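This report concerns only the one structure given below.
The values are calculated or read from the model by the stated rules, or taken from the named source; none is laboratory data. Nothing here was measured: the structure is a model prediction, and the numbers come from that model. In this analysis, Cβ positions are derived from the backbone assuming ideal geometry, glycine residues included, and neighbour counts consider all displayed protein chains.
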Amino acid sequence: MTVAQQLEDVRAQELEWTPTEIAELCESVSRAPSVHNSRPWTLTLHRRTAVLRENPAALMDHDPQGRDQRISCGAALMNLVLAVRDLGWRAHVEFGATSGLVSAVVSAGEPAEPSPREQRWARSIPQRHSHREPFSRRPVPELLREKIRDAAAGPRCGGRWVGSAAEAVEVARMLSRSAHAFHADTGYTRELTGWATPEGRKLQRASGDLRGLAAVGLTALTTHLPDEHVLARLLREESVLLVGTRGDRAVDHVHAGQAVERAWLEATSAGLSVSMMTQPLHMREVRTALAESLGTSLIPQAIMRFGYPAEG
Ligand SMILES: Cc1cc2nc3c(=O)[nH]c(=O)nc-3n(C[C@H](O)[C@H](O)[C@H](O)COP(=O)(O)O)c2cc1C
């Protein structure tokens, strides 16, 4: 081998991800939240770039338009970017689409220290999980609510807290209406029950025991639905954030997923528990009515609930 070839080999190696970097990138992406835990993406790593591609999960009854699939990809992309930053690289993101499926190429640029906030979010990735149980009655402090809303804010997307008692009543009415529709939807329940992964079956079993707001976010035939008054009370007691986007194209759904994950990691880093739901928002009329009653121009993409875990 000539000296020039040897030099080229060394340079090529310098341009590759190291095994430790590969482990962190793969682990961070696999820990992202996803619809029915389907992880509807593929990740390819090559020459200090990471390519995340939407990989259809085929949830025909639950997600016929692929909205949740793309929101899931956005959450995975957020974790990927945070992992690249945590490894000490600047992260350049380029969005694309092939045959109607979105993709994002993340390239590690020059070395750059992550900010304290990025470090905090990256460290919270392994701790983040869905908490569908009730919360304690301790309210989330206003300053923390501001930080969570700031975290959700991004390009053409943002968050809006459900605030007043009147808003809570309106939102409860819509959530109750959509939950009753899903309660009667045998196709949706069949999809959950017969779904090919143990996670899907676990979620279907869990849906029977859910109470409160979580029950209207994962409704199947066996779910016990709370009445509207209980929902309205919970909407006031728990901190409930609507995450929305300015547009409703495929890339907007990816941005929504990024926003959801940032808000979730911010909350996790402060010791809060979180769960999210999109099921009610699959009904167009619920999306429209929700935006109207909250007086927001954001297109609703996800509803997140935040609180301190109940003790014992
Ligand atoms: C796009 C999207 C939609 C989701 N929709 C719901 C939902 O409607 N109800 C619910 O209880 N959880 C929902 N989840 C949460 C997932 O079920 C959860 O992230 C997944 O099962 C993995 O569990 P983990 O969050 O504990 O890691 C959703 C997550 C994503 C990313």
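Which members of segment 210-232 meet the condition of being surrounded by fewer than 21 Cβ atoms within 10 Å (Cβ to Cβ) and part of a loop (DSSP other than H, G, I, E, B)?
Hits for segment 210-232 are ARG211, LEU221, THR222, HIS224, LEU225, ASP227.
So, in segment 64-99, exactly how many residues are away from the ligand (no atom under 16 Å from the Cβ), touching a strand residue (DSSP E or B) at 6+ places or on another chain (Cβ under 9 Å) and either farther than 20 Å from TRP121 by Cα or in the same structural domain as VAL243 (by TED's automatic domain parsing) (or both)?
5
I'd like the full set of residues that are surrounded by 10 or more Cβ atoms within 10 Å (Cβ to Cβ) and modelled with pLDDT of 75 or more, limited to segment 9-24.
Hits for segment 9-24 are LEU15, GLU16, TRP17, THR18, GLU21, ILE22, ALA23, GLU24.
Within segment 294-309, track down each residue that is touching a residue at least 60 places away in the same chain (Cβ under 8 Å) and closer than 18 Å to GLY217 by Cβ.
Of everything in segment 294-309, those that are touching a residue at least 60 places away in the same chain (Cβ under 8 Å) and closer than 18 Å to GLY217 by Cβ turn out to be LEU294, GLN301, ALA302, ILE303, MET304, ARG305, PHE306, GLY307, PRO309.
A quick yes/no check of all residues on (1) within 16 Å of the ligand (Cβ to nearest atom); (2) at pLDDT 95 or above; (3) of a type in the set (A, V, I, L, M, F, W, C):
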site: GLU133; (1), (2), (3): yes, no, no
site: VAL140; (1), (2), (3): no, yes, yes
site: LEU143; (1), (2), (3): no, yes, yes
site: GLU146; (1), (2), (3): no, yes, no
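Pick from SER164, SER115: which is more than 27 Å from ARG67 (Cβ to Cβ), modelled with pLDDT of 95 or more and hydroxyl-bearing (Ser, Thr, Tyr)?
Just one listed residue meets the conditions, SER115.
Scan segment 128-148 and report the pairs whose first residue is among the aromatic types (Phe, Trp, Tyr) and whose second residue is within 16 Å of the ligand (Cβ to nearest atom) and part of a loop (DSSP other than H, G, I, E, B), with Cβ atoms within less than 7 Å and a gap of 6+ or a chain change.
PHE135/GLU238
Please enumerate the residues belonging to segment 32-57 that are at positive phi and more than 16 Å from the ligand (Cβ to nearest atom).
Result: ARG47, ARG48.
Suppose we filter SER297, SER269, SER273, SER293 for residues that are within 14 Å of the ligand (Cβ to nearest atom), surrounded by fewer than 24 Cβ atoms within 10 Å (Cβ to Cβ) and either of a type outside the set (A, V, I, L, M, F, W, C) or under 15 Å from ARG160 (Cβ atoms) (or both); which single one remains?
When all the criteria are applied, what remains is SER273.
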